[in-house]
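Participant: Quick one: structure below, then a few questions.
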Amino acid sequence: MSQFVPDSGRNTIPRILEQSSNGKILTAVTAYDFTSALLIDQTDIDIVLIGDSVASVIQGRGNTLPVTLDEMIYHSKCVARGISKALLVCDLPFLSYQVSPEEALRSAGRVFKESEVHAVKLEGGKVMADTVRYITERDMPVMGHIGLTPQSYHRMGGHRIQGKSAKYGVTSAEELVEDALTLQDAGVFSVVLEGIPSELAARITEMLDIPTIGIGAGSECSGQILVLHDLLGLSQGTPPKFVRRFAELGQESVSALNEYVKAVSEKTFPSASESYSASSHKMPRIKAVS
Ligand code: KIV
């Protein structure tokens with residue numbers, strides 16, 4: 001017996017592609033946990049990426065290489081519980097997809113089976129085309145990612161802008177154009193363009209039929225993505241030039257914590273209204289510990 005599942009209002013890949021082709025500028029943001037997901041769910045963000053940037057943002061690592069597939073699945077599950085509208089994409093972490101298309105399929109399959117995401121993202125251009133084709137032909141949607149690919153940290157010698165003059169560790173503009181076209185042909189439904197000149201991102205966006213999602217790639221992409229902690233002003237240190245901090249929640253958090261320390265030290269917290277009294281409340285029974 002078949003069951004009719006009503007439209008939940010959830011963003012699907014066909015819906016996103018249709019909206020983008022009708023001129024909608026797509027909005028995307030990263031998330032790693034349930035609380036942030038609940039906040040994002042109160043907005044009209046189109047795509048939520050469980051990014052492998054979790055390695056630096058949440059785990060305090062120097063780059064994205066150490067995060068594991070199990071950890072990505074764990075964070076995807078946490079985020080998925082809080083998101084009811086946006087399309088969910090999970091990054092395939094370093095070494096979970098580079099060895100062979102078969103291994104990549106198994107990694108992607110685990111993500112789809114164990115967490116409730118709608119697509120996976122992987123980094124790399126032409127070299128990943130067979131892998132992308134292998135996964136997408138088996139009905140697992142893939143988002144591409146080219147330009148400044150953080151998993152290429154050692155090849156690039158750090159997080160360096162790509163698509164400018166061809167220097168060691170820098171992919172040329174022509175190679176990136178070819179990468180984008182090859183990925184589209186291999187079946188990605190969209191592609192992240194990270195850390196490349198605006199003119200190049202505009203050219204790639206113009207050439208592709210699928211949407212481009214830019215980060216540090218100028219305003220002419222089909223959509224934009226930022227790391228949540230960067231846009232909320234929770235990240236420490238000087239952010240890269242392309243980051244706009246739409247709030248200063250980091251500073252607000254430090255002030256709140258200092259207020260807390262002061263209130264506790266001065267015994268103004270907890271107040272009477274924040275405490276239980278023996279007369280008005282039944283005291284919780286304290287169990288004897290044997
Ligand atoms: O991991 C990540 O955060 C990303 C970006 C595109 C923001 O891949």
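Participant: For segment 149-166, just list the computed ³J(HN,Hα) in residue order, Karplus coefficients 6.51, -1.76 and 1.60, θ = phi - 60°, integers in Hz, with x standing in for Gly and Pro.
Facilitator: My calculation for segment 149-166 gives 9, x, 6, 8, 3, 6, 5, 7, x, x, 8, 10, 4, 10, x, 9, 5, 6 Hz in order.
Participant: Of Lys85, Lys241, Lys121, which is the most mobile in a GNM of the chain whose springs link Cα atoms less than 10 angstrom apart?
Facilitator: Maximum fluctuation in the GNM of the chain, among the listed residues, is at Lys241.
Participant: Which angle between 0 and 90 degrees, to the nearest 10, do you get for helix 198-207 versus the longest principal axis of the chain when only C-alpha atoms count?
Facilitator: Here the helix axis deviates by roughly 60 degrees.
Participant: Now for a different question. Where nothing but the Cβ of Lys and Arg (+1) and of Asp and Glu (-1) is charged, how large is the charge dipole of segment 13-244 around its Cα centre, in debye to the nearest 20?
Facilitator: With Lys and Arg at +1 and Asp and Glu at -1, about 460 debye.
Participant: Let me ask something additional. Once amide H atoms are placed 1.01 Å from N in the peptide plane, what residues at a sequence separation of 5 or more from Leu26, or on another chain, have their amide H within under 5 Å of its amide H?
Facilitator: Long-range HN contacts for Leu26: Gly223, Gln224.
Participant: Also: Would you mind classifying segment 13-244 by shape? Square roots of the alpha carbon gyration tensor eigenvalues, ordered a ≥ b ≥ c; an a/c under 1.5 is rounded, otherwise it is prolate if a/b is larger than b/c and oblate if not.
Facilitator: The shape class here is rounded.
Participant: Taking square-rooted eigenvalues a ≥ b ≥ c of the alpha carbon gyration tensor, is segment 173-290 rounded, prolate or oblate, where a/c under 1.5 means rounded and, failing that, a/b exceeding b/c means prolate?
Facilitator: Verdict is prolate for segment 173-290.
Participant: On the accessible surface of the chain, probed at 1.4 Å, how many percent belong to carbon and sulfur atoms?
Facilitator: Using a 1.4 Å probe with all protein chains present, the chain comes out at 55 percent carbon and sulfur.
Participant: Suppose R0 equals 25 Å. What FRET efficiency, 1/(1 + (r/R0)^6) with r the Cβ-Cβ distance, do Asp185 and Glu206 give to the nearest 0.05?
Facilitator: Once rounded, the FRET efficiency stands at 0.90.
Participant: Among Ile47, Ile146, Ile161, which one moves the most in a GNM of the chain with springs linking Cα atoms closer than 10 Å?
Facilitator: Of Ile47, Ile146, Ile161, the Gaussian network model singles out Ile161 as fluctuating most.
Participant: How far is the Cα center of segment 206-265 from the Cα center of segment 63-91, in Å?
Facilitator: Each part reduced to its Cα centre gives a spacing of 18 Å.
Participant: If you plug each phi of segment 213-222 into the Karplus form 6.51 cos²θ - 1.76 cosθ + 1.60 with θ = phi - 60°, what whole-Hz ³J(HN,Hα) values come out, in order, with x for Gly and Pro?
Facilitator: 10, x, 9, x, 9, x, 9, 8, 7, 6
Participant: Where a Cα-Cα gap under 18 Å defines reach, which aspartates and glutamates qualify for Lys267, not counting those fewer than 8 residues away within the same chain?
Facilitator: Straight-line reach from Lys267, under 18 Å: Glu259.
Participant: Rank Ile83, Gly60, Ala278 by how far each Cα sits towards the positive end of the charge dipole of the chain (+1 on Lys, Arg Cβ; -1 on Asp, Glu Cβ) and give me just the farthest.
Facilitator: Of Ile83, Gly60, Ala278, it is Ala278.
Participant: Would you mind checking which residues have amide H under 5 Å from Lys121's amide H? H placed 1.01 Å from N; only 5 or more apart, or other chain.
Facilitator: Hits under the 5 Å cutoff: Cys90, Asp91, Leu92, Met143.
Participant: Return the single residue from Ile13, Ile58, Ile225 with maximal mean-square fluctuation; model: Gaussian network over the chain, springs between Cα atoms under 10 Å.
Facilitator: Comparing Ile13, Ile58, Ile225 in a Gaussian network model of the chain, the most mobile one is Ile58.
Participant: So, one more: For segment 1-113, build the convex hull from the C-alpha positions and give me its volume per residue in Å³.
Facilitator: Spread over its residues, the Cα hull of segment 1-113 gives 144 Å³ apiece.
Participant: Before I look further, what does the chain give for accessible area per residue, probe 1.4 Å, in whole square angstrom?
Facilitator: Per-residue value: 56 Å².
The values are calculated or read from the model by the stated rules, or taken from the named source; none is laboratory data. Treat the numbers as computed from the prediction; the structure is a model and nothing was measured. All Cβ positions, even for glycine, are placed from backbone atoms using ideal geometry, and neighbour counts span all protein chains on display. The protein model used for the area step is the full one, side chains on, heavy atoms only, and it has no ligands, DNA or RNA in it. Shrake-Rupley method; radii C 1.70, N 1.55, O 1.52, S 1.80 Å.
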